[in-house]
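Here, each number is a calculation from the coordinates, and none is a lab measurement. Here the structure is a predicted model, which is why all the values come from computation and not from measurement. Please note: Cβ atoms are built from the backbone with ideal geometry, for glycine as well, and neighbour counts cover all protein chains shown.
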Amino acid sequence: MARIRHKVLSVVGARPQFIKAALVSRALRNTPEVSEVLVHTGQHYDKNMSEVFFRELDIPEPDYNLGIGGGTHGQNTGRMLEAIEEVLLRERPHWVLVYGDTDSTLAGALAAAKLHIPVAHVEAGLRSFNRRMPEEINRVLTDHIADLLFAPTEVAVRNLLREGIPPDKVYWVGDVMYDAALYYGEKAEGQSRILSKLGLKPKGYILATIHRAENTDDPVRLGVILQAFAEVHREIPVVFPVHPRTRKRAEAFGLGPLLDAVMAVDPVGYLDMVMLEKNARLIATDSGGVQKEAFFYRVPCVTLREETEWQELLDLGWNKLAPPADVASIAGLLESQWVGSEGNPFGLGNTVNLIVQKLLSS
Ligand code: UD1
Ligand code: UDP
């Protein structure tokens, strides 16, 4: 039996992290010299925000589920920090692997850094340059305490170098979500029945997701977005898997009836989501991951924000920014269609292998 030389402790907690970690976890576990300990912070906890991904994507049962979610940023991050430290002291891994920019990411990275355990950050170097976003704080801090920074694009590499991060810590590996889109995109074709379940025709509907605090927590912005969706739905069906945060806020602001004016459904599993994305005529979103997936499947995307971390998508022309200010102009944009240019700044679909190889040789 191969001797375990690398014990990697992966920290996940939120929906996009389950998707990013799925293929990396599998590759780590298929490598004889590696053992993986999987920690789920509990940040996302509803069945359709967590369990469905573990089941569908064959992610191993977490070794630890910390059950920390539903609090404020300070509560979540603080409680996670304390609980992850305890796990790290028990497990003593060689590496802690964190993904993206959530409160779980920062808590994992900080707990490890304070114990002098090397941190590897997948999806390093993204910047919106908007410090009011909790995610921007999480990603900047995580990048500056990480020892190995896996950047998805050349723009991300440049962002890191500009902030003075030593070049020998930074590796351009491509985007794990591109690997996932290729692998699960094919699986979804065979397994998902979502189009017939919802009575949708390929290229006959718009897919929408909204969950960013800046949109959900502001009744005016959320109202503009939901009104635009409702207006467009009269002409073209708008399918809207609703994040629990968004549903809670919409109801609290008295905007619940606008959800009934579109095809609002509960959050869907990844295979159904991929199928919905591939067949949409346009995607409207404020999600980081969904913007990229729109491009992977060459579907035009309207990003309902002032800025995006994924400048590459704007440059290629597949993505257009639309700050939610005016119902009519957003509705008009959603009803339009266009194509962008070719090119792919997100790697070759071998990102997972590059990450595992680098961890093994470090
Ligand atoms: C978090 C991440 C965000 C990421 C998103 C992915 C941070 C700061 N934000 O945002 O970067 O894009 O996840 O979806 O970490 N809730 C439930 N059930 C759940 C999960 C959430 O009801 O399973 C509700 C709770 O009321 C919770 C609220 O949504 O308080 C917000 O959840 P939280 O994880 O703090 O932030 P997200 O908006 O999901
Ligand atoms: N997603 C999903 N079901 C949904 C909505 C999103 O599987 O109902 C997937 C989506 O395909 C993408 C990821 O979740 O891979 C994006 O997560 P989210 O938008 O919550 O977070 P972000 O990427 O903005 O951090």
Taking the mean number of other Cβ atoms within 10 Å as a proxy for protection, how do you rank 346-354, 59-67 from highest to lowest?
346-354, 59-67
With label points built 7 Å along Cα→Cβ from the Cα atoms of ILE236 and ASP46, find their separation and express it in nm.
2.6
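If you take the square roots of the eigenvalues of the alpha-carbon gyration tensor of the stretch 284-362 and sort them as a ≥ b ≥ c, do you get rounded (a/c under 1.5), prolate (a/b over b/c) or oblate? List each step's numbers first, then the result.
Details: a/c = 3.46, a/b = 2.29, b/c = 1.51.
In terms of gyration-tensor shape, prolate.
Expressed in nm to one decimal, what extension gain is obtained for the pair TYR183 and HIS73 from 0.36 nm per residue of sequence separation less their Cα-Cα distance?
36.3 nm
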Taking neighbour counts of Cβ atoms within 10 Å as a proxy for exposure, in what order, fewest first, do THR153, THR308, THR41 appear?
THR308, THR153, THR41
Over the Cα atoms of the chain, what radius of gyration and what Dmax do you get, in Å?
19.9, 65
Classify the stretch 123-278 from the C-alpha gyration tensor, please: rounded if a/c falls under 1.5, else prolate or oblate depending on whether a/b exceeds b/c.
oblate
Once the piece of chain linking ASN30 and ARG245 is laid out straight, how much longer is it, given 0.36 nm per residue of separation minus the C-alpha distance between them?
73.8 nm
Please give the Cα centre distance for the stretch 323-362 versus the stretch 242-313, rounded to the nearest Å.
14
Estimate the FRET efficiency between GLU163 and ILE4 by the formula 1/(1 + (r/R0)^6), using the beta-carbon distance for r and 35 Å for R0, to the nearest 0.05.
0.50
Potential lengthening between LEU316 and ALA213 on full extension [0.36 nm per residue; Cα-Cα distance subtracted]:
34.4 nm
When a/c is below 1.5 the answer is rounded, else prolate if a/b is larger than b/c, else oblate, so apply that to the stretch 123-210 with a ≥ b ≥ c taken from the square roots of the Cα gyration tensor eigenvalues.
prolate
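Which net charge results when you count Lys and Arg as +1 and Asp and Glu as -1 among the other residues whose beta-carbon is under 14 Å from that of LEU334?
Numbers: positive: ARG234, ARG281, LYS320; negative: GLU231, GLU235, ASP286, ASP326, GLU335.
Residues near LEU334 contribute -2 overall.
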Using 5 Å bins from zero, what percent of all Cα-Cα pairs in the stretch 232-318 falls into each bin?
3, 12, 23, 23, 20, 13, 5, 1
With each label point set 7 Å from Cα along the Cα-Cβ vector, what nm distance links VAL339 and ILE145?
4.7
